[in-house]
1. Let me spell out the model: positive unit charges on the Cβ of Lys and Arg, negative unit charges on the Cβ of Asp and Glu, origin at the Cα centre of chain A. What dipole size does that give, in debye rounded to 20?
2. Just tell me how shielded B:88-98 is by partners: mean number of partner chain Cβ atoms within 10 Å of each residue's Cβ, no decimals.
3. Under 20 Å from the Cα of A:Lys53, which aspartates and glutamates turn up, not counting those fewer than eight places away in the same chain?
4. Can you give the angle from 0 to 90° between the axis of helix A:46-69 and the longest principal axis of chain A, with both taken from C-alpha atoms, to the nearest 10?
5. If you take all C-alpha pairs in the protein assembly as shown, what percent of them are over 30 Å apart?
6. Helix-only mean residue ellipticity at 222 nm, chain A, DSSP H runs n ≥ 4 weighted -39,500 (n - 2.57), per residue, nearest 500. What is it?
7. Helix A:19-37: angle to the longest alpha-carbon principal axis of chain A, degrees 0 to 90, nearest 10?
8. What percent do you get for the relative contact order of region B:18-112 when only Cα pairs under 8 Å and 6+ apart count?
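Values in this text are rule-based calculations from the coordinates and carry no lab data. From a predicted model like this one, the values you see are computed outputs, not experimental measurements. Cβ placement follows ideal geometry from the backbone for every residue including glycine, while neighbour counts extend to all protein chains displayed.
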Amino acid sequence: MEITARSLWTLIHGMGFGALYLLAFSGALVELYRFTTSPAPSEPTPGQERFLKVYLIAMVVLAWAAVLTGAYVIYPWYRAAPPPGTVDLSQFPQRLLMSNSTTIGWHSLGMEWKEHVAWFAPISITMVAYVFIRYGRDLRNHRQLRAAVLYFAVASFLAAGVAGFFGAMINKYAPVQGGHTIQLSEGAER
Amino acid sequence: MNMQSRIAMPNPPAVANGAGAAAVLSAGIGCFALAVLALAADKSAPIKRLLLFYKPTGVLSGVTTTAILIWFLTWGILEWRWGKKTVALGRINIVSLALLGLGFLLTFPFIVDRF
């Protein structure tokens, strides 16, 4: 069993940072809502508040790691221009998608949207985390601020969702390949 | 105990909302700036050249770096101006969400192609 270095980086970017961020979102939204609206008798403990702060910081790190690896590690491989006369475009995903009318949309709509909208996720979740860390349970007393935090958290999820969906589909039709091969395990004899 | 009394009654806020408002509005401005820069780079060759910070990533490097700088700069200025104040957050929320929504729309390729 083996994997190429570029495939591994794509996996780290998409499944590691991106998917983990999307998975973490529902928990964050529920906890943010609960923390900022819960009635006094079931008030969260300082330990729970600390946990949510760490949870949100982890989401911020995941979101930034996803966009930075996407833009500066994988995107250059995706958009690399093939030398003149290249017939096999499998190492040039963007050109491979653009070479066929049935796949061009994955680039012209998918990647063109994803490469920009994805950045809304870290910007929004950084704001959400900052506001929660700064205000904590006092956010309950700022109804409008709480609403803004929840809207931006949802926007962050939508942006990450768009990026994740198109990233997965693009990698299905034109995977980023190449680089040195990493041997994960020796194949068993049949 | 009726439902009304079970819902948390807000106390007077312990911290002024200015710092939160600064973070919210600057996030909206950052997202909008990113979308506008992406649109400008798509439509203007000189802006595209100007935003080519890192060749392997292309113009995306300049668009995102500049947008992040605008976001942080705006955040810093607003925090400095509003940090310890209580501001009218209703209007700030509307403007921030409008900027965020416009940002989403302006990154959508079918809309970008209409300019």
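1. Numbers: 14 positive and 10 negative charges, 117 e Å.
In debye, rounded to 20, chain A gives about 560.
2. That average works out to 3.
3. List returned: A:Glu31, A:Glu43, A:Asp138.
4. 20 degrees
5. So the portion of pairs separated by more than 30 Å is 39 percent.
6. Helices in chain A give a 222 nm mean residue ellipticity of -19000 deg cm²/dmol.
7. Compared with the principal axis, the helix lies near 10 degrees.
8. 49 percent
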